[in-house]
1. Computed over the Cα atoms of segment 2-145, what is the convex hull's projected area averaged over all directions, in nm²?
2. Amide H to amide H under 5 Å from Ile6: which residues, 5+ apart in sequence or cross-chain, H placed 1.01 Å off N in plane?
3. Using a simple charge model, +1 on the beta-carbon of Lys and Arg, -1 on the beta-carbon of Asp and Glu, nothing else, what dipole does the chain show about its Cα centre, in debye to the nearest 20?
4. Considering the chain as a Gaussian network with a 10 Å cut-off on Cα pairs, which listed residue, Asp65, Asp94, Asp76, attains the greatest mean-square fluctuation?
5. Can you compute 3J(HN,Hα) from phi for each residue in segment 141-150, using the Karplus curve 6.51 cos²θ - 1.76 cosθ + 1.60 with θ = phi - 60°, rounded to whole Hz and x for Gly and Pro?
6. Counting only residues 5 or more places away or on other chains, whose amide H sits under 5 Å from the amide H of Leu126 once H atoms are built in the peptide plane?
7. When the Cα centres of segment 22-83 and segment 95-126 are compared, how far apart do they sit, in Å?
8. If the elastic network links every pair of Cα atoms under 10 Å, which of Thr57, Thr131, Thr32 fluctuates the most in the Gaussian network model of the chain?
Amino acid sequence: MKVAIISGSVYGTAEEVARHAAKILNAAGHETLHNPRASLADVLAFEPQAFLAVTSTTGMGELPDNLQPLYSMIRDQLPGAWRGLPGAVIALGDASYGDTFCGGGEQMHELFGELGLRVVLPMLRLDASETVTPETDAEPWLKELVSALR
Ligand SMILES: Cc1cc2nc3c(=O)[nH]c(=O)nc-3n(C[C@H](O)[C@H](O)[C@H](O)COP(=O)(O)O)c2cc1C
């Protein structure tokens, strides 16, 4: 399956998790698009059959700057061809930020809803105040994702 990985990162942690996810999906036979600077045209041209968002949270519950433009373009256009496709979200955050914990991931989850994607797994929240190994922590969830996409 063609899986578009939409990633947002400030310091690179979410980027590492996205790269790890791509590796696991590729090893399971999926084709992935993973470009932290992808435009909407890039994503449309890939003709995705599934979506994975991997994003950290910055500011007060905001999406990283590298993801803002793509997020806005998708939100403005809501491509109809993506309706009904499977999707899932990995959110990185820090619980010490309280109410805005994983706010970036929440925004992507809402966008997936507006797109009419079929969310196949509950959002994975990776809490920087609890772990320094987010990639390995994501592995069990990624295995579930591989099963869900089968
Ligand atoms: C300036 C700043 C603001 C942040 N704001 C939030 C926030 O509102 N909510 C949250 O859950 N985490 C917040 N975080 C924590 C990051 O999302 C978390 O450390 C994440 O692992 C960073 O991933 P990255 O390296 O991909 O940017 C913030 C971190 C920084 C440095």
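1. Value for segment 2-145: 7.6 nm².
2. Counting only residues 5 or more places away or on other chains, the set is Leu52, Ala53, Val54.
3. So the dipole magnitude of the chain works out to roughly 600 debye.
4. Asp76
5. Going residue by residue, I get 5, 5, 5, 4, 4, 4, 5, 5, 8, 6 Hz, with x marking Gly and Pro.
6. Ala91, Leu92, Gly93
7. So the two Cα centres are separated by 13 Å.
8. Of the options given, Thr131 has the highest mean-square fluctuation.
Only the coordinates and a few stated rules stand behind these numbers; no lab work does. No experiment lies behind these values; they were computed from the predicted model shown. Because the Cβ atoms are built from the backbone with ideal geometry, glycine has one as well, and the counts that use them run over all protein chains shown.
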